[in-house]
Amino acid sequence: MRINIPEMNPETMRKLLAVGEAFRIPGPFFSYEEIKVGNVNHSYKVNYIRDDGSGMAKIKSYLVQRVNTYAFQHPVELMQNIDKVTEHIRQKRPEAVSLHFHHTAERKNYLMDTDGFWRLSNYVPSVTYSTCDDLDVVRNAGQAFGDFQVMLSDFDASKLFYTIPDFHDTRKRYEKLKADMAADPCGRVAEVRPELDWLLSVEEEACRMTDMYRRGELPLRVTHNDTKINNVLFDEKTSRALVVIDLDTVMPGLVGHDFGDAIRFAANFVEEDCPEAEKAGLNLNIFWAFAEGFLEQTARELCESEVETLGLSCFVLACELATRFLDDYLVGDKYFKTDYPGHNLVRTRCQIALAKDMLKKMDAMNAIVRDCARRYKEQE
C-alpha cells in the first residue's frame, strides 16, 4: 500500500501530535486535515498508521478539537455534560454508532494547556450536508434529532450544567443587543439601523416562547441546542443517519429550540451567510420533510403546547440568531468565526429575510405540524 503524505503546517502538526500523545493514541502520526465546518471550535481529522493484522498499513482517524473558551467559558463542565449524555445513550443503544471521547492518563476527557482546551474523539466515516434538497436525507435528519430527544427523555435535566447560561433566553438576547447598541463600542450602530429597527419591531413575538416557559406553559427537556443538519453524520451509501454530533450545547431547553434551529438552517433557500439576502426564505418542502421525521419520533412524547409552538419556534430561532450575529458585529466579531469584514452583518441580513418569509408562511407551517403530530400520535 502506497501512502501519500499531504502537506502540513509543521507547528500545527507538532501540536496535534502532542495532543494525541496526551490522549494515549498509539501508532505513528501520519497526517491531519482541518475541518472547516462550524463557526465556533477549530476541528481536525487526525490520521495515524496502524497494522491491519496482516502486515499491511491502514489509516485510523480521530477527531481533535480546540474548544473556543470565549464561547464556552466553562469547558470542564461542558465535557462532564458530554460524558453523562453519551454514556446514557450508549447504555440505551449499545449496538448503535455513538460518540466516544478519549481520556488522558489522569482520566480526564480533555486536555488544558497553554495553547488551549483540547479533546479527542472517535472519527466516524460518513458524509455531512451543509445544505440538502434530498427530502429523504432531510427526513432522516429529522428522525435523528427526534430520536436524540426521545433517548434523553428519561434523563434528569438537572444533572446538566448550563454550558452557555441563558443560551436560548430570547429576552436576554434582546437585552444584550440593546445594551451593546447603546454602548456602540465599535461605532457600527449607524450602518445597521434598519436591521436593529426591524428586530426590535418583532421583539414580543420573538420572545413569546421564553415568556411561555417562564409562565410554566412549556416544559423543560434535555435538548441539543445546535441542530444544524451538518451535525448529523450520514452513511455515504444509504443516506441513513448514523449519529448526532457536536454536543457542546446539550443542556436543558425547550423542544422548539431544537426543531426551530434545524428548520432555520436546513429549510432556508440559501446558506446562512448568503450575501444576497433577498434570496433567503423558507422552503416548505424541506420544512415538511423534517417535521415528518422529527414528529415520527417525538409526537407521542410532546404536549399540546409544544406541538402548537413548533412553527413559531422557527421564527423565534431565526430572530434570535439574527440578534446574536448582529450583536457580535456590534462588539467586534468576538464569538463567531468570520471569513471577511462584515461577515456577521451578512449573516444577520440573511436571517432577517428568512424570518420575514416565515411570518408569511406561518399558517402553512402550523398546519403541517398539526397534521404530522396527529398522524403519528394515532399510530400509538
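Quick notes on this structure:
- Selection within the range 271-284 - open to solvent by 10 Å² or more (accessible area, probe 1.4 Å) and over 18 Å from the mean Cα position of the chain (by Cα): 274, 275, 276, 277, 278, 279, 280, 283, 284
- Verdict on residue 52 being more than 29 Å from residue 144 (Cβ to Cβ) and modelled with pLDDT under 95: yes
- Annotation note: of 355, 373, 318, the sole residue that is of a type outside the set (Asp, Glu), open to solvent by less than 40 Å² (accessible area, probe 1.4 Å) and under 18 Å from the mean Cα position of the chain (by Cα) is 318.
- Residue within the range 221-238 that is open to solvent by 50 Å² or more (accessible area, probe 1.4 Å) and in contact (Cβ under 8 Å) with a residue 60 or more places away in the chain present: yes
- The helices (runs of 4 or more DSSP H) found entirely in the range 240-341 that carry 1 or more residues being under 27 Å from residue 179 (Cβ atoms) and in contact with a Pro (Cβ under 7 Å, 6 or more places away or on another chain) are 310-331.
- Residues in the range 181-212 that are open to solvent by 30 Å² or more (accessible area, probe 1.4 Å), more than 14 Å from residue 315 (Cα to Cα) and charged (D, E, K, R): 184, 188, 191, 193, 197, 211.
- Applying the set (1) β-branched (Val, Ile, Thr); (2) assigned to a loop (DSSP other than H, G, I, E, B); (3) open to solvent by less than 40 Å² (accessible area, probe 1.4 Å) to residue 37 leaves exactly one unmet item: (3).
- Residues (among the β-branched types (Val, Ile, Thr) and farther than 21 Å from residue 166 by Cβ) located in the range 254-272: 263, 270
- Residues that are within 28 Å of residue 14 (Cα to Cα), out of contact with any strand residue (DSSP E or B) (no Cβ under 9 Å at 6 or more places or on another chain) and open to solvent by 80 Å² or more (accessible area, probe 1.4 Å) within the range 48-95 comprise 56, 70, 73, 80, listed in sequence order.
- Selection count, the range 195-214, where residues are under 19 Å from residue 255 (Cβ atoms) and in contact with a Leu (Cβ under 7 Å, 6 or more places away or on another chain): 4
- When the residues of the range 160-176 are filtered to those that are charged (D, E, K, R) and within 17 Å of the chain's Cα centre (by Cα), the one that is most open to solvent (accessible area, probe 1.4 Å) is 166.
- The range 137-159, residues that are of a type in the set (A, V, I, L, M) and either in contact with a Leu (Cβ under 8 Å, 6 or more places away or on another chain) or open to solvent by 10 Å² or more (accessible area, probe 1.4 Å) (or both): 144, 150, 151, 157
- If only residues of the range 285-306 that are open to solvent by less than 10 Å² (accessible area, probe 1.4 Å) and over 20 Å from the mean Cα position of the chain (by Cα) are counted, the one that is farthest from residue 261 (Cα to Cα) is 299.
- If you go through the range 119-156 and keep only what is among the small types (Gly, Ala, Ser) and under 18 Å from the mean Cα position of the chain (by Cα), you end up with 121, 126, 130, 141, 142, 144, 146.
- Among the residues of the range 244-269, the ones that are touching a Ser or Thr at 6+ places or on another chain (Cβ under 8 Å) and open to solvent by 20 Å² or more (accessible area, probe 1.4 Å) come to 1 in all.
The values are calculated or read from the model by the stated rules, or taken from the named source; none is laboratory data. Computed from a predicted structure; not experimentally measured. A quick note on method: Cβ atoms are made from the backbone with ideal geometry, for glycine too, and the neighbour counts reach across all protein chains shown. Each accessible area value is taken on the protein alone, full model and side chains, heavy atoms only, with ligands, DNA and RNA left out. Shrake-Rupley method; radii C 1.70, N 1.55, O 1.52, S 1.80 Å.
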